[in-house]
Amino acid sequence: MNISERRADFPILNTQMNGEPLTYLDNAATTQKPQAVIDAISQYYLHDNANVHRGVYSLAARATDQYEAVRDQVAAFIHAPQRESVFFTRSTTDSLNWVAQTYGEQNLQAGDEIVVTALEHHSNLVPWQQLAQRKQAQLKVIQLTSTGELDWASAQQQITDRTKIVAVAHCSNVLGVTCPIQKLARLAHQHGAIIVVDGAQAVAHQPVNVQTLDADFYAFSGHKLLGPTGVGVLYGKLALLQTLTPAQFGGEMISNVTWEHTEFAPIPQRFEAGTPNISGVIGLGAALTYIQQLGFAAIQTQERQLTAQLLNGLLTFPDVTVYGPQQVAQHGPVVAFNVDGIHPHDVATGLDLAGVAVRAGHHCAQPLMQVLQVPTTVRASVQFYNSAADIARFLAALQAVKEFFQQ
Ligand code: C6P
């Protein structure tokens, strides 16, 4: 990969921050957007703006065609067996809540179990916790090993014949681990449960095949894979979707309405009530095109090198604790750490003064922080457009922050 050419595709990477070049290492929170995505959104508003699925005039047909073409693109991107299995939401959070509010509401009974893991983001925990409370179901948690990976013995213990839903992140937004989705899906299915996968931190970093994973539902956000905010995706197995009553009602999702009765539109329109985020979907399409042109082989090679530099660099500091696996081979592009005696917010603020953007906090995974026995951590996360110079600047800035606080 020609890294300087790729960086030139992302105008914001050329920004100065606090008098220093921006070193953006908060990619797990949201990725930066290439010019191609920014252009696709403005092209849509400049030339193609109309509402979708409604107008009979040419402009509306053009907008509809573009919107629906992205559905095909998403289906191909995640290897969905058919386009009808893909529908657009606002975000991963929205997608996961949708599953809880439809499949969960319509299938769970008192005494049933929902199983999550100890590394879940709040978006893949709170909707299930609230559902369990509404249904008098039990929420169970698969524990982690000492290196932050899923404890398989715990998975086998927690998933039982009473389990109806297993909800798990494909990749952790804190520990940088990838969960064994295929194996978990097999276990869940053996017990008659479905598996709901939170793909928010996976889709930008590895090829996803929902059929190989055997995921019943797979959720992700556009903004974490170079696309705009405000658009998300939910994939569901068609046979499951066909059993579900929509969570929202109104325009777009109907085929016939009388005072007494409504016939719903076919799937997937049935699950997209109201005017969708058309420009967001079109921006997401441009993001997928960009990623496909680059190819995951090149993306993964670059991200592995950057992760190795980041992780190994952090491990050279004797007073830095890295959470999750300490080996690059097991590590995704997200590294959470703390520095002895310096508050994570002070570390992040010090880094910001050197133009380095990282996240400090609980990373929307407070129960995981309890497991790690820390209130918060610092987190650096890379994307293929980061350079070796970015990581070197980050490590040098961290050394300077340490010297400032430890003098
Ligand atoms: N994590 C982070 O800094 P939304 O906000 O709906 O696009 O994505 C939610 C979400 C769900 N699951 C995982 C594993 C995630 O990492 C996120 C978002 C960001 O870690 C923002 S909190």
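What are the pairs with Cβ atoms under 6 angstrom where one residue, in segment 62-73, is farther than 12 Å from VAL86 by Cα and the other, located anywhere, is open to solvent by 30 Å² or more (accessible area, probe 1.4 Å) and outside any helix (DSSP H, G or I)? Sequence gap at least six, or different chains.
THR64/HIS53
Tell me, which residue of segment 222-267 that is out of contact with any helix residue (DSSP H, G or I) (no Cβ under 9 Å at 6 or more places or on another chain) and of a type in the set (Val, Ile, Thr) is farthest from the ligand (Cβ to nearest atom)?
THR258
If we keep just the residues of segment 189-212 that are away from the ligand (no atom under 11 Å from the Cβ) and free of Cβ contacts under 8 Å to residues at least 40 places away in the same chain, which is most open to solvent (accessible area, probe 1.4 Å)?
GLN190
With within 16 Å of the ligand (Cβ to nearest atom) and open to solvent by 30 Å² or more (accessible area, probe 1.4 Å) as the only criterion, which of GLN109, GLN129, GLN158, GLN143 stands out? Steps first, answer last, please.
Working: GLN109 fails: within 16 Å of the ligand (Cβ to nearest atom); GLN158 fails: within 16 Å of the ligand (Cβ to nearest atom); GLN143 fails: within 16 Å of the ligand (Cβ to nearest atom).
GLN129 is the lone residue from the list that is within 16 Å of the ligand (Cβ to nearest atom) and open to solvent by 30 Å² or more (accessible area, probe 1.4 Å).
If VAL257 satisfies all but one of (1) on the phi < 0 side of the Ramachandran plot; (2) in contact (Cβ under 8 Å) with a residue 24 or more places away in the chain; (3) of a type in the set (A, V, I, L, M), what's the number of the condition it fails?
(2)
Given the residues ASN18, ASN2, which is the only one that is away from the ligand (no atom under 16 Å from the Cβ), without any contact (Cβ under 8 Å) to a residue 24 or more places away in the chain and either outside the structural domain of HIS205 (by TED's automatic domain parsing) or open to solvent by 50 Å² or more (accessible area, probe 1.4 Å) (or both)? Before the answer, list the steps.
On the way: ASN18 fails: without any contact (Cβ under 8 Å) to a residue 24 or more places away in the chain.
The match here is ASN2.
Does ALA61 fit the bill of being over 21 Å from GLN211 (Cα atoms) and outside any loop (DSSP other than H, G, I, E, B)?
yes
Open to solvent by 30 Å² or more (accessible area, probe 1.4 Å) and either among the charged types (D, E, K, R) or outside the structural domain of THR147 (by TED's automatic domain parsing) (or both): is that true of ASP390 in this structure?
no
Determine, yes or no, whether GLN300 is surrounded by fewer than 18 Cβ atoms within 10 Å (Cβ to Cβ) and in a helix (DSSP H, G or I).
yes
The values are calculated or read from the model by the stated rules, or taken from the named source; none is laboratory data. Note that the structure is a prediction, hence the values are computed from the model and not measured. Every residue, glycine as well, gets a Cβ built from its backbone with ideal geometry; the counts of neighbours run over all protein chains shown. Accessible surface is based on the protein model in full, side chains and every heavy atom, while ligands, DNA and RNA are left aside. Shrake-Rupley method; radii C 1.70, N 1.55, O 1.52, S 1.80 Å.
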